[in-house]
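Take a look at the structure set out below.
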Amino acid sequence: MAVLYNFTSACMKNFGGSSFNRQLFCVFRTFHKSAASGDVLGISEERAITPPDVAEETRVKSLREMPGPSTLANLIEFFWRDGFSRIHEIQLEHSKKYGKIFKSRFGPQLVVSIADRDLLAQVLRTESIAPQRGNMDSWKEYRDLRGRSTGLISAEGEDWLRMRSVLRQLIMRPRDVAAFSDDVNEVVDDLVKRICVLRTQQSDGATVLNVNDLFFKYAMEAVAAILYECRLGCLESEVPQETQDYIAALHLMFSSFKTTMYAGAIPKWLRSIIPKPWEEFCDSWDGLFKFSLVHVDKRFAEIKAQLEQGEEVRGGLLTHLLVTKQMTLEEIYANATEMLLAGVDTTSFTLSWATYLLALHPHVQEQIFTEIMTTLGPGRVVTANDVQHLPLIRALVKETLRFFPVLPANGRITQDDLVLGGYFIPKGTQLAMCHYSTSLDDENFPEALDFRLDRWVRKDTTDHVDNFGSIPFGYGIRSCIGRRIAELEMHLSLTRLIQKFHIGLSPVTDDVKAKTHGLLCPGAPINLQFIDRE
Amino acid sequence: MALAAALRRLAPVALGAFPRRTTAVTLGCGSRLAGTRRLSAGTQPLRSDNKVTIHFINRDGEKVTVKGSSGDTLLDVVINEDLDFDGFGACEGTLACSTCHLIFDEEVYKKLGRVTDEEMDMLDLAYGLTETSRLGCQICLTKSLDGMVARVPESVTDIRQSKDETA
Ligand code: HEM
Ligand code: FES
């Protein structure tokens, strides 16, 4: 789900993420025609600010003085040289060139990028009680149009806080999420079975082509097991046609969503001339909502039937929400929709990268295998409670997310005036937090390009890594609410895979680079061999 | 509608693993993070022998002495006693924020019980971390902690405010 990165529905003009279509390019051209000459370029909106009075040596500088690429250079980079798929690399280049805080301008949108862990810490530690990621107008507009509610990703202010307060009490505490261990393990059983089937289809009897396809199904099945309390059958060998259609539809939706999320970037008045992006945007949402509606309604009907039979109602997340009525039915639909969207690609990309990195580093894989043998032996199935005894598995997930932070940049709109890195940043400024750059910065992680699990293994409980350099789930009250669910899914599946298989590179896999497609995803299919241990 | 009524009746039924809590949240009281408050509902009045005395040292260095019940977390105590530590406990004890960071004496620290990996990860991101730091929402009171001292560290906002004042 490219969505989150869409801190951006509006500011996507900038960091966007996926391939912009030609129509959009026209829009940008119009934006820039007027600005194309002279040095008015890029500063018209930077309000003339008188920084607060301070001692001379600590003079607070204005945004005007902040370095950054020129608007024109940015345009060329992004449109001419298709910078959108390389946003993460450009982030790195720009932070090297302009420093840890720099400004960029995309159309009318000014973005202040922060590529320094201490500045990130400052921003996140001083957040208000309902932080904002970016402009969500287009999301809201769709919801108003269809009479739907906002969910956690799209909601703001009081609405957001109320829903977040309900949901975090259900799915954020590690011990609450540990209760899903058995449910997730059933999905891992199916994942292992599926791998065994798939590899028989290849001539070497070991290769699974494009593992992300497999992990997509795993992540979707696991999230559905938790969110919808039902199984979809994504990993079955004999998938019922109905479910197959569903998966196909969803795949399409996820991918078309990525290219249409920019619909919101086009000013409303242009929609009559270029209607397609907005229409596709709405179609995608219709599909996503429909899927959740079906599953929420199904569960609701089951509960109703149980009640009519005088049976006791038992269940997980959805049942709890439906029974306690802490949220309206529309809010439940919206949150189920947005969580499914946020929970599938993120987890599957991370699993793809993790297994790829394991295949590239057989030595590391052996270390983890040894740890698993010592803790669990060859046969015992790992549960949530075992993970504390598997520090290398936790480290694997952390190091993978450091290498490939699924959200290479995230956004915040400042809700107060603040001084950041010596610059005065007025309230309402769009910030881009450059997680990709800080994750790969040698200052934060010595020999940052080395894949090393020992960075994350603590000698004792007072051994701390003071580090905002890698915060792949964000930090604070607006951080990822699915973090513990995602970690559970990844810890349980990776442990089981390493326990059962030796994971190797398939000869048909090239060097796979990351590309940004909303999220940081594998730029080519990752094909891996799964060879039985013993 | 009959269903709605039935569901309402059902609400007190234990549901799987979920702790039931009533959440009351207010917004917009101006101060940072301070608006987030969780009220634990249905707490049984406990016998006084289950009470544990805690001395908090607030950010101004003042001592605030309160009593909490065994089994409560230190965050519960801060909320129940309505202690005004600005921004404390922003994520309502769900291990997402580390604003419930507290500092202890060495001896007390050793008695606080196991630190989970998740707590350590969040502690990594706590402001003003020390070797005897813990997250208040993860510490459950026991009789053996009676008389403990817990210091609330300065927050980033404090530092900035005091700088502003001297400037
Ligand atoms: C490897 C897996 C995942 C990663 C790396 C990830 C990362 C993130 C990040 C960086 C954010 C933005 C946080 C911020 O702005 O501070 C976020 C938000 C969010 N994530 Fe995740 N996520 C993952 C999996 C999941 C899963 C499995 C779910 C659902 C069960 C989920 C649901 C959400 C939601 C609903 C939000 C919006 C929260 C809000 O605005 O209150 N995520 N995620
Ligand atoms: S209250 Fe957020 S971690 Fe303790």
(request) For segment B:138-156, name all the residues that are among the polar types (S, T, N, Q) and not in a loop (DSSP other than H, G, I, E, B). (result) B:Q138, B:S144
(message) It is to be established whether one or more residues within segment A:386-397 are in contact (Cβ under 8 Å) with a residue 24 or more places away in the chain, more than 24 Å from A:N410 (Cα to Cα), crowded, with 21+ Cβ neighbours inside 10 Å and more than 14 Å from chain B (Cβ to nearest Cβ).
(response) no
(request) Among the residues of segment A:52-78, write down those that are surrounded by 16 or more Cβ atoms within 10 Å (Cβ to Cβ) and at pLDDT below 80. (result) A:T71, A:N74, A:L75, A:E77, A:F78
(request) Search segment B:119-137 for residues being part of a loop (DSSP other than H, G, I, E, B) and more than 10 Å from ligand 2 (Cβ to nearest atom), and hand back the single one that is farthest from the other protein chains (Cβ to nearest Cβ). (result) B:G128
(message) Every residue in segment A:454-486 that is more than 10 Å from every other protein chain (Cβ to nearest Cβ), more than 22 Å from the chain's Cα centre (by Cα) and crowded, with 16+ Cβ neighbours inside 10 Å, please.
(response) A:R455
(request) Return the total of residues in segment A:283-315 being farther than 16 Å from A:Y333 by Cβ, more than 11 Å from chain B (Cβ to nearest Cβ) and part of a helix (DSSP H, G or I). (result) 2
(message) One residue is enough: does segment A:455-468 have a residue meeting the conditions at pLDDT 95 or above, polar (S, T, N, Q) and in contact with a helix residue (DSSP H, G or I) (Cβ under 8 Å, 6 or more places away or on another chain)?
(response) no
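Please work out which residue is surrounded by the most Cβ atoms within 10 Å (Cβ to Cβ), limiting yourself to segment B:96-123 and to residues that are within 16 Å of ligand 1 (Cβ to nearest atom) and not hydroxyl-bearing (S, T, Y). So that I can check it myself, show each step before the final result.
Taking segment B:96-123 first, the residues within 16 Å of ligand 1 (Cβ to nearest atom) are B:96-99, B:118, B:121-122.
If we keep only those that are not hydroxyl-bearing (S, T, Y) too, we end up with B:96-97, B:118, B:121-122.
Numbers: B:A96: 26, B:C97: 29, B:E118: 22, B:D121: 20, B:M122: 22.
Looking at residues that are within 16 Å of ligand 1 (Cβ to nearest atom) and not hydroxyl-bearing (S, T, Y), I get B:C97.
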(message) Under 6 Å between Cβ atoms, which residue pairs at least 6 apart in sequence (or on different chains) link something in segment A:471-496 that is at pLDDT 95 or above with a partner that is of a type in the set (S, T, Y) and near ligand 1 (Cβ under 8 Å from one of its atoms)?
(response) A:F473/A:S479; A:A486/A:T347; A:E489/A:T347
(request) Consider only pairs whose beta carbons are under 9 Å apart and that are at least six residues apart or on different chains; among these, list those whose first residue lies in segment B:97-111 and is away from chain A (no Cβ under 13 Å) and whose second residue is part of a helix (DSSP H, G or I) and within 16 Å of ligand 1 (Cβ to nearest atom). (result) none
(request) Please go through segment A:398-420 and pick out each residue that is part of a loop (DSSP other than H, G, I, E, B) and more than 14 Å from every other protein chain (Cβ to nearest Cβ). (result) A:F404, A:P405, A:V406, A:L407, A:P408, A:A409
(request) All but one of (1) under 18 Å from A:G343 (Cα atoms); (2) more than 7 Å from every other protein chain (Cβ to nearest Cβ) hold for A:R143, so report the exception by its number. (result) (1)
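Which ranges mark the helices (runs of 4 or more DSSP H) fully within segment B:1-118 that have 2 or more residues being modelled with pLDDT under 90? Even if it seems obvious, please write down each step before you answer.
Numbers: elements: B:2-10, B:74-80, B:106-110.
Hits in segment B:1-118: B:2-10.
The values are calculated or read from the model by the stated rules, or taken from the named source; none is laboratory data. Owing to the predicted nature of the structure, the values given are computational and were not obtained by experimental measurement. Glycine gets a Cβ as well: all are built from the backbone with ideal geometry, and neighbour counts include every protein chain shown.
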